[in-house]
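The values are calculated or read from the model by the stated rules, or taken from the named source; none is laboratory data. Note that the structure is predicted; figures quoted are calculated from it, not measured. When we count neighbours, we look across all protein chains shown, and the Cβ atoms used for this are built from the backbone with ideal geometry, even at glycine. With ligands, DNA and RNA removed, areas are computed over all heavy atoms of the protein, side chains included. Shrake-Rupley method; radii C 1.70, N 1.55, O 1.52, S 1.80 Å.
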Amino acid sequence: MPKSLNFADAAGLPLAGLTALQALRDELGVTAGDRVFISGGAGGVGTLVIQLAVWMGAEVATTASPRGEELVRSLGAATVINYQKQKFKDVLSDDDGAFDLTGGQDLSDSFAILKRGAKAVSIGGLPEPANVRADFGAGPLVSTALWVAGAKIRRQARKRGVDYRFLFMHPSGPGLDLLADLVDKGELKTVTDRVFPFEQIPEGFAYLEQGHAKGKVVIQM
């Protein structure tokens with residue numbers, strides 16, 4: 001646990017932070033000078049992804065509502081696209097990597113803004129058969145069902161010459177140590193939208209499902 005955080009803010013760091021770190025470092029291989037697109041940058045994962053990408057030396061573009069623009073810019077996003085008025089695929093091109101947090105059309109459109117040979121990683125799309133076999137030991141029935149369900153998105157990625165992978169976050173003690181160190185050095189900050197008491201778990205989920213949270217939503221026991 002970072003020494004500089006209280007328990008509520010610290011609770012919002014491990015899952016989202018490891019997801020962000022593993023996507024950028026292990027899957028996308030982000031290095032200084034890369035141009036990286038992140039869909040939905042004002043959310044719980046997105047706020048950490050932006051900061052970590054900037055820490056790695058990347059130039060970040062993201063989507064946000066007008067209400068979230070000031071937040072994502074304060075975290076280091078160089079380009080912010082108002083998704084309510086403009087499609088990011090009409091603005092961006094030749095990016096080095098994309099991290100999709102929202103799925104659906106955003107995932108499909110992310111392929112169009114990448115250089116050929118670049119990589120797109122998602123936590124909003126469908127898992128690939130290789131993912132569930134390697135990560136969960138799924139059998140042939142599940143793998144076949146996912147192969148059929150994800151055929152369209154894989155075809156779109158191949159057409160654009162893009163490598164696509166769905167990300168399952170893995171527990172990592174060294175990864176948590178790195179995140180805590182960055183927080184305590186002031187190079188990474190947690191963004192907590194709201195904290196609900198344990199008795200208000202239903203209200204917390206209802207708020208989260210509205211899709212307007214800026215940062216993490218935490219339940220405090």
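Of all the criteria given as (1) β-branched (V, I, T); (2) touching a helix residue (DSSP H, G or I) at 6+ places or on another chain (Cβ under 9 Å); (3) at pLDDT below 95, the one not satisfied by V148 is (2).
Just to be sure before I move on: is R116 touching a His at 6+ places or on another chain (Cβ under 8 Å), among the basic types (K, R) and either in a helix (DSSP H, G or I) or open to solvent by 10 Å² or more (accessible area, probe 1.4 Å) (or both) in the structure I sent? Can you show your working first?
Values: touching a His at 6+ places or on another chain (Cβ under 8 Å): no; among the basic types (K, R): yes; either in a helix (DSSP H, G or I) or open to solvent by 10 Å² or more (accessible area, probe 1.4 Å) (or both): yes.
Taking the combined requirement at face value, the residue does not satisfy it.
Looking at D100, D94, D109, D90, which one is open to solvent by 10 Å² or more (accessible area, probe 1.4 Å), touching a Leu at 6+ places or on another chain (Cβ under 8 Å) and of a type outside the set (A, V, I, L, M)?
Working: D100 fails: open to solvent by 10 Å² or more (accessible area, probe 1.4 Å); D109 fails: touching a Leu at 6+ places or on another chain (Cβ under 8 Å); D90 fails: touching a Leu at 6+ places or on another chain (Cβ under 8 Å).
So the residue among D100, D94, D109, D90 that is open to solvent by 10 Å² or more (accessible area, probe 1.4 Å), touching a Leu at 6+ places or on another chain (Cβ under 8 Å) and of a type outside the set (A, V, I, L, M) is D94.
Right, L48: farther than 16 Å from A78 by Cα and either aliphatic (A, V, I, L, M) or buried (at least 24 other Cβ atoms within 10 Å of the Cβ) (or both) or not? Against the criterion (farther than 16 Å from A78 by Cα and either aliphatic (A, V, I, L, M) or buried (at least 24 other Cβ atoms within 10 Å of the Cβ) (or both)), L48 does not qualify.
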